[in-house]
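One structure below.
The values are calculated or read from the model by the stated rules, or taken from the named source; none is laboratory data. Because the structure is predicted, anything quoted here is derived from the model rather than measured. Cβ: placed from backbone, ideal geometry, glycine included. Neighbour counts: every protein chain shown. The area values use the complete protein model at the heavy-atom level, side chains included, leaving out ligands, DNA and RNA. Shrake-Rupley method; radii C 1.70, N 1.55, O 1.52, S 1.80 Å.
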Amino acid sequence: MTPPIQTIASALLAARRVVVFTGAGMSAESGIATFRDKPDSLWAQFNTREMASPDGWRENKQRVWAWYEGRRAAVMQTQPNAGHIAIAQLADTLYAAHGKHVQVSVITQNVDDLHERAGSTSVIHLHGSLFSPRCAACDRPAEFASEPPDTQATEVEPPHCTHCGHSIRPGVVWFGEAMPQQPFRLAEDLVDTCDAMLVIGTSGVVWPAAELPINAHRLSKFVAEINPTRSELAGYMNVEWPTSAAQGLPELLVQIRQMSGT
Ligand code: OAD
């Protein structure tokens, strides 16, 4: 049987448009906690209603703001891992391999900025960003206070909107909220028109994000999973590669170079 790495490299070498769909496992090797695959994952430690719902926000804004500021601080203190960097280098690697431009688009459920910091230029955030706070009332984008986020505090007063005076909220999507339409439509279009999709580090249990790889499968695209553990999406894959993002993705670039003699 052909090893998964070879099958994936062949599919990428044949593709003109590639979608990379990522979840929390993508950033795990940068030291960012996942949500549900480990005993110390975020939703094993924290209550989703308290920390990630409009009700939790109404109940205690200071607790919610402090938690997201702690998460923002953790991201600021870490670096993209070898997997983020390999994704950012994928288009150039394929160009060196066959001299054709390949469009590589990242669709992420992550609210960190590690894909961008690794150099990926086309990144869609389905669940918002820790770095895009906005007014909870008038929805205008807002600024953080100039001092760095406090990592120890359990309650912090959120800043106030300079336009309407209401509290600024984290720019992430919470349970019970609709996903922003524009990024999701863009993501759907990218999936419709791609030739190959890599699904990396997601449990595939949160909808409608999980719909994207399933749609890709239904449209007969090549879909491959990179995850040390089989996810809910495994049944929709052409190939499952049980490896980690920071381990597997750099190896995949080496494989592409070897197969193309570059
Ligand atoms: P999960 O925590 O649900 O799943 C993480 C996945 O990453 C699991 O399938 C792990 O096996 C895999 N994984 C762990 N380490 C890995 C590594 N080093 N390399 C590759 N894979 C690894 O995270 P998500 O699927 O991203 O929503 O969760 C989806 C959404 O649920 C999140 O965006 C968040 C959460 O509630 C919002 O915040 C709206």
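What's the local net charge at CYS194, with K and R +1, D and E -1, over the other residues with C-beta under 14 Å away?
Result for the local shell: 0.
I want the antiparallel fraction of DSSP beta bridges within the range 159-262, as a percent rounded to 5. Taking every DSSP beta bridge with both residues in the range 159-262, the antiparallel ones total about 10 percent. Here the simple spin-label model places points 7 Å from the Cα toward Cβ, and for SER132 and ARG49 these points are separated by 2.9 nm.
Could you work out how much longer the chain between ARG63 and HIS101 gets when fully extended? Use 0.36 nm per residue separation minus the Cα distance between them, nm to one decimal. Walk me through the numbers before you get to the answer.
Values: separation 38, 0.36 × 38 = 13.68 nm, distance 4.71 nm.
Additional length available on full extension: 9.0 nm.
Suppose every K and R has +1 on its Cβ and every D and E has -1 on its Cβ; what is the size of the dipole of the range 67-151 about the Cα centre, in Debye to the nearest 20? Display every interim value, and only then the final one.
On the way: 6 positive and 9 negative charges, 56 e Å.
I would put it at about 280 debye.
Net charge of the neighbourhood of ALA91, taken over other residues with C-beta under 12 Å away and scored Lys/Arg +1, Asp/Glu -1, is +2.
With all pairs of separate Cα atoms included, the chain yields a Kirkwood hydrodynamic radius of 19.2 Å.
Rounded if a/c is under 1.5, else prolate if a/b is larger than b/c, else oblate: which is the range 212-262, with a ≥ b ≥ c the root eigenvalues of its Cα gyration tensor? Show your work: numbers first, answer last.
On the way: a/c = 3.33, a/b = 1.53, b/c = 2.18.
Oblate, since a/c reaches 1.5 and b/c is not below a/b.
Partner aspartates and glutamates whose Cα lies under 15 Å from the Cα of LYS38, excluding those fewer than 8 positions away in the same chain, are identified as GLU29. Computed from Cα atoms, the angle from the helix 82-98 axis to the main principal axis of the chain rounds to 40 degrees.
Note on the range 151-262: along the principal axes its Cα atoms extend 59, 34, 28 Å, ordered by decreasing extent. Each helix, a run of at least 4 DSSP H residues, gives -39500 (n - 2.57); summed and divided by the residues of the chain, these come to -11500 deg cm²/dmol at 222 nm. Taken along its three principal axes, the alpha carbon spread of the range 185-248 comes to 30, 23, 21 Å, from the longest extent down to the shortest. With both residues required to sit in the chain, DSSP beta bridges show an antiparallel share near 20%.
Using only the C-alpha atoms, the convex hull of the range 163-222 corresponds to 117 Å³ per residue. For GLU147, neighbours were defined as the other residues whose beta-carbon sits under 15 Å from its Cβ, and their charges (Lys and Arg +1, Asp and Glu -1) total -3.
For ILE5, the accessible surface of its heavy atoms amounts to roughly 30 Å² (probe 1.4 Å, protein chains only, rounded to the nearest 10). Between THR34 and LEU42, the built amide H atoms are under 5 Å apart, and every one of these is 5 or more places off in sequence or on another chain.
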